[in-house]
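Values in this text are rule-based calculations from the coordinates and carry no lab data. Note that the structure is a prediction, hence the values are computed from the model and not measured. Glycine gets a Cβ as well: all are built from the backbone with ideal geometry, and neighbour counts include every protein chain shown.
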Amino acid sequence: MEEKRLKRRIVLVPVPAQGHVTPIMQLGKALYSKGFSITVIQTQYNRVSSSKEFSDFHFLTIPGSLTESDLKNLGPLQFLMKLNQICEASFKNCLGQLLQEQGDHDEIACVVYDEYMYFSAAAPKEFQLPSVVFSTTNATAFVCRSVLAKVNADNFLIDMKDPEVQDKLFPGLHPLRYKDLPTTAFGPLESMIKVYSEVVNTRTASAVIINSASCLESSSLARLQRELQVRVYPIGPLHIAASAPSSLLEEDRSCIEWLNKQKPRSVIYISLGSLALMETKDMLEMARGLSNSKQPFLWVIRPGSIPASEWTESLPEEFGKLVSERGYIVKWAPQMEVLRHPAVGGFWSHCGWNSTLESIGEGVPMICRPFTGDQKVNARYLERVWRIGVQLEGELEKETVERAVKRLIGDEEGAEMRKRVIDLKEKLEASARSGGSSFSSLENFVNSLKTNNF
Ligand code: UDX
């Protein structure tokens, strides 16, 4: 087996968060299957383990200098900014050492870094190694970030505070409204604009890889390619090309047994990914609406996702009663397996890009309740462009929740959505097969790596 390997190594730099770790490890698997060796350089926060799945990968950890109090008090945006400040030097040391130790059987072909780990750009430039930006979101969100990186922060802040502006279409980004832009719930707008201008700065990179497919967003991909100076490779969805389980939390598989007892396409699966937070009052309205809809539901409540609560202990008794009638709660689910289960009829999601791709990939229509960032872009596309989702906007109320569930599971409208999502699923599968657009894009990327000609 070993003689078939290419004697070239790719260094991956993941963001230490589930929604970013999952696709970059899938990318690692895809590149490994093409013959490259893989080294993952990660920070000491929230590490991927060298489990059986990744026993052929080489893992290195760079030190950080965050204190216990930083880790407790920094929100995700500040955490990222800090990480980018403190890791540049240690990453340079680590890469420098790897280069010194490499033999001619093991040359580094390039560094692929998550777009949010922009500290990684400096070292490859210094060592004259190709570097590639990996975007775990989609092309439309990337285009939005480029636009936001250039706005005048003062004027934009005034616009975003004006309730009348919220529903207006944002110029040049149809069908996105101001309120659909990927602004963040995790910090001030000024900091976000600063981060976005780093993230979209691909000037020193040789290429951009994006976990998306042209059947989903051909015009955004074309626009991105026009706007960037470097080649864009849409090679997604990676979970179809190369599944690679890399859960940072323990999956509770008891929910599969529970699903086995439910009727086909009857269950609403609820999960808000790895970062979104939920208010108690919204959870109660959700539970009431779901209960009134009479549909069974499987609900992932991640520890720490309810502010000031370890898990569900702060929820009122009514919540427990409503859930015990038709619901099942877990802390973390084997999501792909759940979405693939015949009992699942709909996915209530925060519309993270991985969850969106996974839901489309399994032909499951969605109830969209975005929390922050690119999730808002995805939700708008799910409802308005692909027409496979129902977006819940404004205050959550039990009546609107019940109506959304019925639209998705019961109605003719739901049947139409299901038809469209199955059609899209087939297109996605075709794009990942030999001859498909994502398959060819990955081949082109690999050829560019082999010849060092991007
Ligand atoms: C965030 C952004 O929302 C997302 O758009 C961006 O691409 C990456 O960062 P996150 O909020 O975690 O990600 O959501 P998502 O992208 O949906 O990723 C969550 C991942 O966790 C999915 O791959 C999902 O399958 C997995 N998951 C979630 C589980 O395995 N079990 C669960 O119970 C919940």
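Here the label points at GLU257 and SER309, each 7 Å from Cα along the C-beta direction, are separated by 2.6 nm in the simple model. Under 37 °C and 0.692 mPa s, how fast does the range 332-424 diffuse according to Stokes-Einstein, given a Kirkwood radius computed over C-alpha pairs? Answer in µm²/s, whole number. The diffusion coefficient I find is 251 µm²/s.
In the chain, the inverse of the mean reciprocal separation of distinct Cα atoms equals 22.8 Å; this is its Kirkwood hydrodynamic radius.
A Förster radius of 51 Å combined with the Cβ-Cβ distance from LYS72 to LYS419 puts the calculated FRET efficiency at roughly 0.60. The GluC sites (Glu not before Pro) of the range 365-411 that meet both conditions, a loop assignment by DSSP and at most 11 other Cβ atoms within 10 Å of the site Cβ, are GLU395. Ranking LEU248, PHE134, MET417 by how far each Cα lies toward the positive end of the dipole of the chain (charges on Cβ) leaves MET417 at the top. Across the chain, the relative contact order, built from alpha-carbon pairs under 8 Å that are at least six residues apart, equals 15 percent.
For the pair the range 290-328 / the range 406-432, the C-alpha centres are spaced 28 Å from each other.
Enclosing the Cα atoms of the range 380-454 in their convex hull gives a volume equal to 120 cubic angstrom per residue.
Which distance in Å, rounded to a whole number, links the C-alpha centroids of the range 131-207 and the range 263-287? For the range 131-207 versus the range 263-287, the Cα centre distance is 27 Å.
A cut-off of 5 Å between modelled amide H atoms, ignoring neighbours fewer than 5 places along the same chain, links ILE270 with LEU298, TRP299, VAL300, TRP348. Across the range 56-186, the mean sequence separation of Cα contacts (distance under 8 Å, 6 or more residues apart), normalised by length, yields a relative contact order of 18 percent. For the range 254-377, the average shadow cast by the Cα convex hull is 7.0 nm², which is a quarter of the hull's surface. Exposed loop positions in the chain were taken to be trypsin sites (Lys or Arg not before Pro) whose DSSP state is not H, G, I, E or B and which have at most 10 other beta-carbon atoms within 10 angstrom. Between these positions, the longest stretch is 1-202.
Among THR451, THR61, THR202, the ranking by other beta carbons within 10 Å of each residue's beta carbon, starting with the fewest, stands as THR451, THR61, THR202.
Annotation: the residues PHE156, PHE36, sorted from fewest to most other C-beta atoms within 10 Å of their own C-beta, follow the order PHE156, PHE36. Normalised size of the range 207-289, defined as Cα radius of gyration per 2.2 N^0.38 Å with N residues, equals 1.62.
Projected over every direction and averaged, the convex hull enclosing the alpha-carbon atoms of the range 136-231 yields 6.5 nm². Take the Cα of PHE127, step 7 Å toward its Cβ, do the same at ASN453, and the gap between the two points is 2.5 nm.
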